[in-house]
Amino acid sequence: MLLLIQQLELQPSISNQGYELKLQNFPGGAETFEMVLKFCYGFPVSLNPRNAAPIRCAAEFLDMTEELEEGNLISKSESFLTLVVFSSWKDSITVLKSCETLSPWAENLQIVRRCCDSIARAAEGYFTSTEAVNEQCRCLINDLATLQIDHFMRIMTSMTLKGLRPEFLGKCIVIYAEKWLSDTDVHIEGSKRATTGKNEIQWSIQPGLRSTGTELGEYQEQRRIIECLVSILPHQKDAISCKFLLWMLKMAILYSVSPAFISELEKRAGMVMENATVYDLLMPVYRIREQGNQKKLNADQTLYNVDSVQRILEYFLMHEHQQQTQNHEKANISKLLDNYLAEIACDPNLSATKFQVIAESLPHNSRPCDDGLYRAIDIYLKAHPSLSEHDRRRLCRAMDCHKLSVDACTHAARNDRLPLRTVMQVLLAEQLKMRDSMQHNQCVVNTEYSQCEDNYSSPKEEIKLLKKEVEKMMLLIKELQRNYTNLQQNCEKMKNKQNALSGWMLGWHKIKRSTLFHGKFDANESREEKVSDREEKEKEKSSSSMLRLKRRQSMS
């Protein structure tokens, strides 16, 4: 200490009362020098996380080693840092904040590196588990967001090397960006009003810069923060949300960040574009550009940055082609893109070529329905009444009339803004749909009929069984008819026999009365009577059987 004072020049004070001592490049400034001076004169020095790093750097600057005196300030401050500060992430963050003005001494003494390792170890214990972020994790993330960008990047690098989960790293980056860049967001407010029968669009831009935003250093610091955060983004797809990536892209465009970082953000946003909203894609083309020592807001021709969205869409299609994703995700993108086209269609400076390129960028089979695209085209035609007939036809070729719903076809058929050729195509498509609908209904009816036949398969089997029983009954009836005819023939034969014997039967009746043959003929007569009675009974049976056959035939 005495050697240092001897090397310095004492200058008389302004008030001519004593001398002034100017210390240049002394770590920690005058306050730290006072504490070191008290230590040299035997006064106790209270070390804490706020002054430990400045005292350690000042002791190194003054070369206060153990060789000069045992228990010198270097060993005391080093022991405090090792045993107290580096065992607590809160104290380590406090020491890091105090190291912001101690460069390059804090870097050379490895104080910054050891603080970053201490915080990374604490975060490793919190974030390696699959549980949700607890209160301590939130406190750690919020405290990390208060550090300068250099120290924050060092901690993020240490966490990455220790294998922390990407979603926690992404959460830290999101909270840090919201804290340091949220006040520089640009809000675009639009309003429409009717003047002299025309729709006039008014836009106002409000850059919410900080109170010191008029200084060039503040602008450069914001741009540097954006570039640093983009460089440490996790490469995993789900680590960062699409909303945050597109918001960062807006900030990068606003502050004229290097094209390499803008391209990186567009690629990352293209990987998760299916999770975006229309508001996220509405990026203004205003940029903050340096002009001397001032910043100025300049606007391009169009209201929105359509070229950036087109590149994001190209990256999305490239990524989906590599992943071979299902068509339902492309259907979601088509809906998002149609809504985006409807929003930017009111821009009077948007050319028909740019509008058409974005509308035709998706594959033909990615849109299950073109109602949204038709709505966007209709809005564009309404906002650009001076568009030529050639451009109108070229623009309408982007949509497929066969994919329009019945309501859209009805509206298009009465739309005077559409070219005549497009209206004819819409009418033809509507007729084809009606024909297909009729054929479809016919197919449905046939299908239902076949299903009904299948349902009636069991009654058919019953009918077949009944037919077989009827056939059996017919065979029985035929057999009975044969028996009946045989009986009739037998009856005819018996009648003929009776007629032949009727003559000599009269003579025998006379003989019956005679006494000689009375007993004998009585016996014969009784036999004949029995035969006649038997024949009468057989006749009665045959007649009853005929009646039964006639009844069965009438029933069948």
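The values are calculated or read from the model by the stated rules, or taken from the named source; none is laboratory data. Everything numeric in this text was worked out from a predicted model, so none of it was measured. When we count neighbours, we look across all protein chains shown, and the Cβ atoms used for this are built from the backbone with ideal geometry, even at glycine. The protein model used for the area step is the full one, side chains on, heavy atoms only, and it has no ligands, DNA or RNA in it. Shrake-Rupley method; radii C 1.70, N 1.55, O 1.52, S 1.80 Å.
Computed quantities for the displayed model
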quantity	calculated
Number of the exception - Ser79 against (1) open to solvent by less than 70 Å² (accessible area, probe 1.4 Å); (2) within 53 Å of the chain's Cα centre (by Cα)	(2)
Any pair with Cβ under 9 angstrom, 6 or more apart, that starts in region 475-496 at a residue that is among the polar types (S, T, N, Q) and ends at one that is part of a helix (DSSP H, G or I)	Gln481/Leu549; Asn483/Ser542; Asn483/Ser545; Gln488/Ser542; Asn490/Glu538
Subset tally (residues that are within 21 Å of Asn72 (Cβ to Cβ) and at pLDDT 55 or above) for region 5-28	4
Scope region 255-272; condition farther than 13 Å from Ser308 by Cα and open to solvent by less than 40 Å² (accessible area, probe 1.4 Å); matching residues	Tyr255, Ser256, Val257, Val272
Which listed residue is part of a helix (DSSP H, G or I), among the hydroxyl-bearing types (Ser, Thr, Tyr) and either farther than 18 Å from Thr157 by Cα or at pLDDT 90 or above (or both), from Thr32, Thr65	Thr32
